[in-house]
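No lab work stands behind these numbers, since they all come straight from the coordinates. In this text, all values refer to a predicted model and were calculated from it rather than measured experimentally. With ideal geometry, Cβ positions are generated from the backbone for all residues, glycine too; neighbour counts draw on all protein chains shown.
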Amino acid sequence: MNTSAAHYSTHLGPIYSWMLGDIDAAFARSAAEIDDLRLPEANHGAAVDLGAGLGLHALPLARRGFHVTAIDSCQVLLDELRSRSETLAVTAVNGDLVNFRAVVKEQPRVVLCMGDTLTHLPTLGSVESLLKNAAACLPRGGVFAATFRDYATRTLEGDQRFILVRADADRILTCFLEYAEHEVMVHDVLNEREQDQWRQKISSYPKLRLAPDWVESTLTELGLEVRRDTSPSGMARIVATKT
């Protein structure tokens, strides 16, 4: 079993663009997600993207006029983000998502944690620390937004636990979910064709069974006004504004 950081660095990071399929369509979906969040006007203000990956949300934020600090623990993805950012105001940082305030120089008006990043954190306590840091650093009217998979209130059973992520003539990625009380173990099975032979690589890592009710109540207790719904991709979506 790996940590999520090790799993992405050695297993998923190098094929992440392939996993997305049509990369232009993926960026278009992410830009539409940003539109749906109803963020404050940029006015050349700062924003933070936690778990930024290759920039699916960081780059649309920058195109809206934000100065974006994009933080991730996978260097492969950060290198791809840098190659895509061109002249946009994006600073890519390989760092700790929970303690992001240590590397953010300006007070951000927006903190994003999209694409199931929260469930990749090691403990519920680390999620709580991240939420506290986000609430503390935002100005009045600032927004924290997150999307994540709800492994807590719905449990897949039997063959439903086998999920085909993507397949083509040379590569097949399947994941298998194994549920425990507080975590779900994700087993990613990657089959790749190399010189007319198939080779299999397997890596596993834990994700948190994070309840949307708990995230919403935690942010409310921190003094944020919370709007909760479901994103077009089926993830739980939380948008919290500091009042």
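Can you grab the distance from the C-alpha centre of region 119-194 to the C-alpha centre of region 1-37, Å, no decimals?
Cα centroid of region 119-194 versus Cα centroid of region 1-37: 12 Å apart.
Which trypsin sites (Lys or Arg not before Pro) in region 51-155 sit in a loop by DSSP (not H, G, I, E or B) and have at most 14 other Cβ atoms within 10 Å of their own Cβ? Numbers along the way, then the final one.
Values: sites: Arg63, Arg64, Arg82, Arg84, Arg101, Lys105, Arg109, Lys132, Arg140, Arg149, Arg154; in loops: Arg64, Lys105, Arg140, Arg149, Arg154.
In loop regions of region 51-155 (DSSP not H, G, I, E or B), the sparsely surrounded trypsin sites (Lys or Arg not before Pro) are Lys105, Arg140, Arg154.
Taking the Cα centre of the chain as origin, work out the dipole magnitude from +1 charges on Lys and Arg Cβ and -1 charges on Asp and Glu Cβ, in debye rounded to 20.
That gives the chain a dipole magnitude of about 600 debye.
Once label points are set 7 Å from the Cα along Cα→Cβ at both Asn99 and Asp22, what is their separation, rounded to one decimal in nm?
That separation, rounded to one decimal, is 4.3 nm.
Please identify every one of the GluC sites (Glu not before Pro) in region 155-243 that sits in a loop by DSSP and has no more than 12 other beta carbons within 10 Å of its own beta carbon.
Answer by residue number: Glu157, Glu181.
Checking the cross-link filter: which aspartates and glutamates have an alpha carbon closer than 13 Å to that of Lys132, excluding same-chain neighbours under 8 positions apart?
The qualifying aspartates and glutamates are Glu216, Glu221.
Dipole size in debye (nearest 20) for region 110-198 around its Cα centre, Lys and Arg Cβ +1, Asp and Glu Cβ -1?
600
What Rg and what Dmax come out for region 61-169 when only alpha-carbon atoms are used, in angstroms?
Here Rg and the maximum Cα pair distance are 16.5, 51 Å.
Picking from Ile71, Leu12, Thr230, whose Cα lies most toward the positive end of the charge dipole for the chain (charges on Cβ: Lys, Arg +1; Asp, Glu -1)?
Ile71
Is the shape of region 28-69 best called rounded, prolate or oblate, per the rule: a/c under 1.5 gives rounded, else a/b larger than b/c gives prolate, else oblate, with a ≥ b ≥ c the square roots of the Cα gyration tensor eigenvalues?
Oblate.
For region 135-243, build the charge dipole from Cβ charges (+1 Lys, Arg; -1 Asp, Glu) around the Cα centre, then report which of Gln200, Leu173, Leu210 sits farthest towards its positive end.
Of Gln200, Leu173, Leu210, it is Leu210.
When the helix-only estimate is applied to the chain (DSSP H runs of n ≥ 4, each -39,500 (n - 2.57), divided by the residue count), what is the mean residue ellipticity at 222 nm, nearest 500 deg cm²/dmol?
Here the helix-only value at 222 nm equals -7500 deg cm²/dmol.
Along the charge dipole of the chain, pointing to its positive end and built from +1/-1 on Cβ of Lys, Arg, Asp and Glu, which listed residue (Leu97, Ala152, Gln107) has its Cα farthest out?
Gln107
Averaged over every viewing direction, what's the projected area of the C-alpha convex hull for region 1-47? Give it in nm², one decimal, please.
With the hull built on Cα positions only, its mean projection is 5.2 nm².
Enter the per residue convex hull volume of region 152-243, computed from alpha-carbon coordinates, in Å³ rounded to the nearest integer.
Cα-based convex hull of region 152-243, divided per residue, equals 131 Å³.
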